[in-house]
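Working notes, beginning with the structure itself.
Readers should treat all values here as calculations from the given coordinates under stated rules, not as data from a laboratory. Model, not experiment: these values are computed from the prediction. Glycine gets a Cβ as well: all are built from the backbone with ideal geometry, and neighbour counts include every protein chain shown.
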């Protein structure tokens, strides 16, 4: 399998005490240590890829807001440093390169170990640590550039993927599934939010629920929906903040739950899976969860 990353991700520097910090990269690398993967550098994403999901005016505003030193604040918890734009564009480029490699058959599975995350970025709004909707952009590349007819995204981050939902609300060729704690930031993700063509599936989970409850929900709802959809490619918004040790939420998953879930998701789309890093803010839990997730992607990608 392929793992895409780049040293520029360390150039996205957030203020002291911010949970989405550079140290997350070392935790991810620690989790990947010992797993047999092929490392690749994330190329810079083309602006045309961002424009598949975001309007040109929004892209221009983000570029213009990048400071020459220190930080610029886009919302209550989303910051730009001098290296943030390159990092975000390499996250987009890595996602597109991973999609290209898997769709072409060069690899069966891929993981993009990048930051900032992307699933909270709406069409014209940076929020929740996110600038561009990385996974949605990857889905649009698969559909519009490669000509796939059906793509699915599964977002198991503890927070609802409101940005992905917003960017793909009218996209009838993409099934979007999000399991998330509710109530919790950003406050979206009700079951009634179904997308313009009924292709959005939101699965709220109560605070304190554990991996057993998650597994039952996926068995009962998600896997049948994926089987009915018959995706040609499966994309994963891989947030690891549903782990019991994560400081930003209240679900009780363990690393083994991510192993189980990843293995079951690889049963779909002929095993063609691209995963991209979203949340996960306890460093030890992040390392253990990434290790579990990527080990399965490597095994299933052989």
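Let a ≥ b ≥ c be the square roots of the eigenvalues of the Cα gyration tensor of the stretch 1-144; is it rounded (a/c under 1.5), or, if not, prolate (a/b larger than b/c) or oblate? If you can, show how the numbers build up before the last one.
Values: a/c = 2.19, a/b = 1.23, b/c = 1.78.
Since a/c reaches 1.5 but b/c is at least a/b, the shape of the stretch 1-144 is classed as oblate.
Please give the length that would be gained between residue 230 and residue 263 if that part of the chain were fully extended, namely 0.36 nm times their separation in residues minus their C-alpha to C-alpha distance (nm, one decimal). Before the final figure, lay out the partial values.
Details: separation 33, 0.36 × 33 = 11.88 nm, distance 1.70 nm.
Contour length minus Cα-Cα distance gives 10.2 nm.
Starting from 0.36 nm per residue, how many nanometres of slack lie between residue 207 and residue 72 once their C-alpha separation is accounted for?
45.3 nm
When a/c reaches 1.5 or more, the comparison of a/b and b/c decides; with that in mind, is the stretch 1-46 rounded, prolate or oblate per its Cα gyration tensor?
Values: a/c = 3.62, a/b = 1.36, b/c = 2.66.
Oblate.
When DSSP beta bridges are limited to those with both residues in the chain, what percentage is antiparallel, rounded to the nearest 5?
Numbers: 5 of 39 bridges.
Of the beta bridges lying entirely in the chain, close to 15 percent run antiparallel.
Please work out how much length the chain gains when fully extended from residue 215 to residue 248, using 0.36 nm per residue of separation minus the C-alpha to C-alpha distance, in nm with one decimal. Could the numbers behind the result be given before it?
Details: separation 33, 0.36 × 33 = 11.88 nm, distance 2.16 nm.
9.7 nm is the gain from fully extending residue 215 to residue 248.
Checking the a/c ratio against 1.5 first, then a/b against b/c, what shape does the Cα gyration tensor give for the chain? Could you put the intermediate results ahead of the total?
Numbers: a/c = 1.22, a/b = 1.17, b/c = 1.05.
In terms of gyration-tensor shape, rounded.
Take the alpha carbon atoms of the stretch 210-277, find their center, do the same for the stretch 104-155, and report the distance between the two centers in whole angstrom.
Measuring centre to centre over Cα atoms gives 16 Å.
Simple spin-label model, 7 Å along Cα-to-Cβ: residue 169 to residue 191 in nm?
Inter-label distance under the simple model: 2.2 nm.
Tell me, 71, 229, 253 in order of fewest to most beta-carbon neighbours within 10 Å? If you can, show how the numbers build up before the last one.
Details: 71 15, 229 19, 253 29.
Fewest-to-most ranking of 71, 229, 253: 71, 229, 253.
Arrange 164, 262 by Cβ neighbour counts within 10 Å, fewest through most, would you? Working shown, then result.
Numbers: 164 32, 262 25.
In order of increasing Cβ crowding within 10 Å: 262, 164.
Return 18, 54 ranked ascending by Cβ neighbour count within 10 Å, so the fewest neighbours appear first.
Values: 18 15, 54 26.
Fewest-to-most ranking of 18, 54: 18, 54.
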